[in-house]
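Step one of this worksheet: look at the structure below.
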Amino acid sequence: MKRRLEQQLKSWHDSNSERRPLLINGVRQSGKTWLLKEFAQTCYENSVHVSFDVEKRVASYFDESISPQRIVQLLEAEYQKKIVPGKTLLILDEIQSCERALTSLKYFAEDAPEYHVAAA
């Protein structure tokens, strides 16, 4: 199963046309976060991992405008990492804890498909 999931993630990574944010669903404690972190290590130069359960302040970034450019700027400042399209995986973990972050995925898909965003 691990191999199949890794192949699906690699296919998503390699797709160039109209990349949409990746949303991984599953029961709690089933390895979704581990899988995304492992994927980031093997396929990207770096990653930014946002855990909405732990980092409540970051959830407030989604209270106002959820334009991808604004969100990326705020996350770069918060984590002191440059989010480079195609080279950085933005992991939005426990996204169900922040409804506006879930809504922001629509705008990443429409307005900023160059960013690689994965949510669990």
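Label sites at S11 and K81, each approximated as a point 7 angstrom past Cα along Cα to Cβ, lie 2.7 nm apart. Of the two radii for the chain, the radius of gyration is 0.93 times the Kirkwood radius, both from the alpha carbons; that is the Rg over Rh value. With all protein chains in place and ligands, DNA and RNA left out, the 1.4 Å accessible area ranks V84, V54 as V54, V84, largest first.
With a cut-off of 14 Å between beta carbons, the residues surrounding A77 carry a summed charge of +1, where Lys and Arg count +1 and Asp and Glu -1. Across the chain, the mean sequence separation of Cα contacts (distance under 8 Å, 6 or more residues apart), normalised by length, yields a relative contact order of 36 percent.
In summary, the convex hull built on the alpha carbon positions of region 26-71 has an orientation-averaged projected area of 4.4 nm².
The values are calculated or read from the model by the stated rules, or taken from the named source; none is laboratory data. Note that the structure is a prediction, hence the values are computed from the model and not measured. So basically every Cβ, Gly included, is an ideal-geometry build from the backbone, and we count neighbours across all protein chains shown. Calculation scope for accessible area: heavy atoms of the full protein, side chains included, ligands and nucleic acids excluded. Shrake-Rupley method; radii C 1.70, N 1.55, O 1.52, S 1.80 Å.
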